[in-house]
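The values are calculated or read from the model by the stated rules, or taken from the named source; none is laboratory data. Remember, predicted model here, so these are calculated numbers, not experimental data. All Cβ positions, glycine included, derive from the backbone under ideal geometry; neighbour counts span all protein chains shown.
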Amino acid sequence: MFHRKSEKIVSSRTSTLNGKNFSYKLIQSPNARTVRLKVGMHSGLEIIVPRRFHLDHVEEIFAEHEQWIIKQIGKLENRKKLREQRQLQDGSMLTVLGFHCKIKIIENPRKKPSVKKVQKLLFTEENAIVDGMELHVSCDGTIRQAKEALEDYLRTVAEKYFLKRTTDLAEQMGVTFNNITIRGQKTRWGSCTREKNLNFNWRLILLPLEVAESVIIHELAHTIHMNHSKSFYGLVERFCPDYRKLQKHLHNPQFLV
Ligand SMILES: [Zn+2]
């Protein structure tokens with residue numbers, strides 16, 4: 001194969017360290033002056049060498065940095081495992097309004113995607129008791145459609161929850177509001193307009209209940225104070241003393257849906 005001198009040559013290869021196979025990418029780069037080892041979440045292990053580097057020496061470099069490579073590959077595998085756990089799949093657990101629900105994905109491509117809430121019952125000699133909750137997601141079997149169906153379902157749950165809870169809390173706080181809209185922006189939890197229309201993110205129902213409530217109280221306080229002044233926080237903390245602590249849950253949470 002012919003390569004221009006300025007081109008990088010990338011090849012995928014495998015090697016063995018400590019009896020364990022691993023794959024890596026060999027990058028022969030005209031810009032590289034020394035040999036470099038790099039590990040990335042998506043790229044995996046890379047060894048970048050100058051174009052004139054004799055490839056027989058690659059194994060020597062690996063042997064020299066054996067400990068480092070083994071450690072880095074281990075870390076990478078752990079991170080991948082963690083990421084998989086954070087992805088929705090059959091059997092995943094989802095906490096909805098404080099209830100732990102097991103997700104069951106049921107392949108049913110002919111029917112419209114839907115979600116059914118199922119109480120798992122445990123039978124004793126005298127009676128039956130509720131022993132956990134399951135959400136049966138009926139869809140074409142793909143994670144994409146399962147997520148869409150779950151989102152539709154959770155939005156309707158969120159609508160009911162926010163309408164009820166905001167009405168209750170407004171009464172306690174002695175304030176009024178106009179309309180509630182449920183939204184799904186990735187970065188915004190809630191907002192309040194000058195017309196006292198409130199917006200809430202449906203994903204709040206996947207966080208601890210007190211956290212969702214603290215957002216409701218925050219937005220309701222805006223119906224009195226359209227700012228983040230001292231008196232605004234005074235009102236918020238009167239009805240939510242743990243406000244500052246609860247807000248920490250809103251920083252970068254990981255959701256399955
Ligand atoms: Zn605010």
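Of the residues making up segment 118-130, not a single one is of a type in the set (D, E, K, R), within 30 Å of residue 222 (Cα to Cα) and away from the ligand (no atom under 16 Å from the Cβ). With a requirement of 1 or more residues that are touching a residue at least 24 places away in the same chain (Cβ under 8 Å), outside the structural domain of residue 136 (by TED's automatic domain parsing) and more than 30 Å from residue 201 (Cα to Cα), the strands (runs of 3 or more DSSP E) lying completely within segment 1-99 that satisfy it span 9-17, 20-29, 36-40, 44-50.
Could you tell me whether any residue of segment 106-118 is modelled with pLDDT under 95, among the polar types (S, T, N, Q) and farther than 20 Å from residue 254 by Cα? Yes, because at least one residue in segment 106-118 is modelled with pLDDT under 95, among the polar types (S, T, N, Q) and farther than 20 Å from residue 254 by Cα.
When the test is whether a residue is out of contact with any helix residue (DSSP H, G or I) (no Cβ under 6 Å at 6 or more places or on another chain) and assigned to a helix (DSSP H, G or I), residue 163 passes it.
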